[in-house]
Each structure stands twice: as structure tokens, then as C-alpha cells.
1. Going Cα to Cα from residue 97, which lysines come in below 20 Å? Please leave out same-chain ones fewer than 8 positions away.
2. Scan segment 34-92 for trypsin sites (Lys or Arg not before Pro) in coil per DSSP, keeping those whose Cβ has at most 16 other Cβ atoms within 10 Å, and list them by number.
3. So for the pair residue 57, residue 97, with labels modelled 7 Å out along Cα→Cβ, what separation do we get in nm?
4. Stretch residue 49-residue 13 to full length: gain in nm at 0.36 nm per residue minus the Cα-Cα span?
5. Once fully extended, how much extra length lies between residue 40 and residue 4, figured as 0.36 nm per residue of separation less the alpha-carbon to alpha-carbon distance?
Amino acid sequence: MAMLISRRGLLRASLQVTLAGTMATAGIAAAADQACADSKMDTGLASSLHYTESAPDPTKSCSGCGFFTAGSGGCGACQIFNSTVNSKGHCDSWAMKG
């Protein structure tokens, strides 16, 4: 016996597959962004300076900070945290490179 699928059912299934793919891609990107922080980071200091892996203002990300030295894979060294941080991150001690 052949199984018939309605247009509505087909559209619903297509939307579910598309959303699942989008969420999986976003999850991979978030995991890659958070892979920069290392065990040397002082989490108390990071918390007090409101460090985030993604800057709310992209023009004030770690990559544009005077305390940041670029590394590989979107990561770099931060003089304040004496640790590896995300180049897309941000904290309250951000200072424009001079």
C-alpha cells in the first residue's frame, strides 16, 4: 500500500530538517568560539570584568584591544587574563589598540 504525504506534512518535515541543520551549525560555531579559553584563565577575574566569548559591539572585540595578541584559529593571548581568549570576545577592560 502506497503512503501519501500531504503538502502540509511535506512542508512541516522540510521546515524541521532546515531548523535542525541551522541549530546544529549554530551549536558548532558556539563550541568553536568557546574553545579558546584555557585552564589558566582566572574565572573570578573574567567574571568581574564581564568577559564574554562574543562582543555585544563587534567594533569592541578582543581583536581590536590593545591587550590582545592574535594567535591561531580565532584565539589569542590576553595580557589582562594572562590566558588565551576568543578574538571575538569582550571585557570591561577593553582598550583600543594604539
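1. 60, 88
2. In loop regions of segment 34-92 (DSSP not H, G, I, E or B), the sparsely surrounded trypsin sites (Lys or Arg not before Pro) are 40.
3. That separation, rounded to one decimal, is 1.8 nm.
4. Full-extension gain reported as 8.5 nm.
5. 7.1 nm
Values quoted throughout were computed directly from the atomic coordinates according to the rules given, and no laboratory measurement underlies them. What you are looking at is a predicted structure, and each value in this text was computed from that prediction instead of being measured. Heads up, the Cβs are rebuilt from the backbone with ideal geometry, glycines too, and the neighbour counts pull from every protein chain shown.
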